[in-house]
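The values are calculated or read from the model by the stated rules, or taken from the named source; none is laboratory data. In this text, all values refer to a predicted model and were calculated from it rather than measured experimentally. Positions of Cβ are generated from backbone atoms using ideal geometry, with glycine treated the same way; all protein chains shown enter the neighbour counts.
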Amino acid sequence: MSEKIIALIVVLIRTGGRSMIPMILWHFKKIRNYALLSLVLAALLVLPVMGALQCTGDGDCFTSHASDIPGAGTTAGFAPGNFGSRSIVMAQPADEPEYWMALDTPGTSTLGVLTLTGTTNLPAGTNLSAGAGLTIFHPTPRNYNWSHEVAAGNGIVCSADGNNIFTATVDTSLLYPGEYYLEVRTRDLPNETYAWDYRNLIPVIPSAPGKTNYINWSALSIPHLAVNESIKPEVSFYGRIVEEKREYPGDMTYGSFRYCAWDGICRVFDRNGTQYSAAYHGYTITQVPNNSWIGARIENVSVISLNGAPILTTIHEYRFRWEE
C-alpha cells in the first residue's frame, strides 16, 4: 500500500472521516480508482463516531460530541454492494465460459417501480438479485431503519432475438430522492457475475397538494419568500452553510430560509426572501460552522444558530409518502 493511501486512511481515522465522504466519493468516481475506494470504505466502516458532525432526522447536522446526543453510540453505514467496472467479467472454471453482464446506460428515474435492463451471456433462466442504495455515507443509530435508503428486488435472464438480456425490478417508492448505486447480480452461479451503475431517483411531482405538515406561519418571523420558477430543482445531498460567497450548488449563505414545500422541492432563499437554489427533498447532510446549534421552537421548523443568531431556518411542510 502506498504512503499516500496510508496517509489518507490515517487522516480519516483521526478526523472521524465522515465530513470528507462526499469529497472522497466525488474524487474516486472521477478517476475510477475503485480498488483504492474500497480500501477507504473499509477504513470508514471501523471508524468510531468522534462527535464532529451530528445529524438530525432529516439530515441537518450540527457540531457536538456524540456523548451529548440522546441515544448516542452510532455506527457507520453505507449502501451494500461491490464497487467495480460497469461491465463485469468473472473468471469461471476452464470448462465453462466467462460470464459477463452489462447494464444499460441509466438516466434519471422517478421513484416507484424501477426496471433495470441489460445484456449478458448468462444462460436464459438465470435468477438475479437487484438492489439500490443511497450513495450518502453518514452516521446512523444502531437500530437504524434503512428502508428509505436501500431497496432490493429480483430479476431473470431471458433470450430475445438470439441475444440474452436481463431485466430486474426494484420497488423504490419508499426511498429518499437522491443519487443511488444500482446493482444487478447472479444468485445461483458458483462465481458471482454482476453489473452496476449510478442513477438519480427523483420524486413524482404532484399536481396538487396532498397531506402536509402543520406550519404555524404566524409564529414565524420571515420575509416574503419569492419563488422563482425558472430555478429548476437539482439532486443535491451535500450542502454547506457559508458566511457569504457560495462556491458549490449546495451552499447556503448565513440567514437563509429553506422551504421544503408540498411539491417535494426544497427552495432556498436569502435573508431578504429572494430564491437562489432548489433541490428535491431527500436526505441531505449539511456541513455547518463549529459551535452551531439546532433547535425546533416551532413545530416542523428547525433553526440552526451560531452565537445566538439563526443562520439557516428550514420549514418542513412536505410529507414523504410513508409519512402520510
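Does at least one position in segment 151-160 carry a residue that is assigned by TED's automatic domain parsing to the domain that holds Tyr176 and at pLDDT below 90?
The answer is yes, given that some residue of segment 151-160 is assigned by TED's automatic domain parsing to the domain that holds Tyr176 and at pLDDT below 90.
Out of (1) at positive phi; (2) over 21 Å from the mean Cα position of the chain (by Cα), the odd one out for Glu243 is which?
(1)
This table checks each residue for (1) within 24 Å of Leu134 (Cα to Cα); (2) more than 25 Å from the chain's Cα centre (by Cα); (3) buried (at least 19 other Cβ atoms within 10 Å of the Cβ); (4) modelled with pLDDT under 85.
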{"residue": "Glu192", "(1), (2), (3), (4)": "yes, yes, no, yes"}
{"residue": "Tyr198", "(1), (2), (3), (4)": "yes, no, no, no"}
{"residue": "Pro233", "(1), (2), (3), (4)": "yes, no, yes, no"}
{"residue": "Phe237", "(1), (2), (3), (4)": "yes, no, yes, yes"}
{"residue": "Gly255", "(1), (2), (3), (4)": "no, yes, no, no"}
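Among the residues of segment 185-201, are any hydrophobic (A, V, I, L, M, F, W, C), closer than 30 Å to Ser256 by Cα and in contact with a strand residue (DSSP E or B) (Cβ under 7 Å, 6 or more places away or on another chain)?
Looking for residues that are hydrophobic (A, V, I, L, M, F, W, C), closer than 30 Å to Ser256 by Cα and in contact with a strand residue (DSSP E or B) (Cβ under 7 Å, 6 or more places away or on another chain), one finds at least one in segment 185-201, hence yes.
I need the full set of residues from segment 249-307 which are aromatic (Phe, Trp, Tyr) and either closer than 21 Å to Asn200 by Cβ or touching a residue at least 60 places away in the same chain (Cβ under 8 Å) (or both), in order please.
Passing the criteria: Tyr280, Tyr283, Trp293.
Looking at segment 267-312, what strands (runs of 3 or more DSSP E) fall wholly within it and have at least 2 residues that are surrounded by fewer than 22 Cβ atoms within 10 Å (Cβ to Cβ)?
Those strands (runs of 3 or more DSSP E) span 275-280, 293-298, 301-306.
Go through segment 130-169 residue by residue and tally those that are surrounded by 13 or more Cβ atoms within 10 Å (Cβ to Cβ) and part of a loop (DSSP other than H, G, I, E, B).
5
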